[in-house]
Amino acid sequence: MTPIIRSFPRMLAVVSACAALLSAAQAQEVKPAPKAPQSAPKAQAKPASKPAPKRPANVPPPTTAEQMADLPHADEAQRQAATHVHYGKYVCDEKFEVFVERNPVFDGYVDVRYKKDVWVMKPVASNTGAIRLEDTRGRVLLVQIPFKSMLLNTQTGQRIVDSCQHDMQRGAEAEAKSTGAPVERTLDAAAAPKQ
């Protein structure tokens, strides 16, 4: 073999190393950005962003992804109760809105959204005919009876929002009133803690 051919791998390694050093040096070289042309001064400066509003004391924190990972599979009773849940928007007395949606990951579970908070809830049918949506962490409860629903903080016993109605509940109440049937709108028995 000729000496040039034997030294070719060494020369190739040296050239590659030089090319790597050159590209690294160019990457570190800082070039100032071109300045934008000066325009007329702005009339008003943009106001500083507002800090995030504090969570009201009666609203527990939402469910996190880590907490959802530990959910047990829904049994038949839970899946059956989930078929009786009114899914969609509920409008409450205070003009707040609560949204109830099927959990996209866990069959038989329900997501309850109020403002920016979302709780994963387990539907439970009660003996009274009410549907209880129980927070999987035991902090929030949504009770659904024929004519209204409420969202309750189970730790403090305070109502987060009350007199919430889904379209189906408003329709059932209107029909009951038109037929003269009594319209019972109390939730106290259905919201009582389970014994």
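For the stretch 79-118, the square roots a ≥ b ≥ c of the C-alpha gyration tensor eigenvalues yield an a/c of 1.5 or more together with a/b not exceeding b/c, which makes the shape oblate.
When a/c reaches 1.5 or more, the comparison of a/b and b/c decides; with that in mind, is the stretch 92-164 rounded, prolate or oblate per its Cα gyration tensor? Walk me through the numbers on the way to the answer.
Numbers: a/c = 1.37, a/b = 1.14, b/c = 1.20.
In terms of gyration-tensor shape, rounded.
Under 1.5 on a/c is rounded, so check that first for the stretch 130-185, then, if it is not, pick prolate when a/b is larger than b/c and oblate when it is not; a ≥ b ≥ c are the square roots of the alpha carbon gyration tensor eigenvalues.
On the way: a/c = 3.18, a/b = 2.65, b/c = 1.20.
Prolate is the answer for the stretch 130-185, as a/c is 1.5 or above and a/b outweighs b/c.
If R0 is 45 Å, the Cβ-Cβ spacing of PHE96 and GLU76 corresponds to a FRET efficiency of close to 0.85.
Every number here is computed from the coordinates shown, using simple stated rules; none is lab data. Note that this is a predicted model, so its numbers are computed, not measured. Cβ sites come from the backbone with ideal geometry, for glycine too, and all protein chains shown count toward neighbours.
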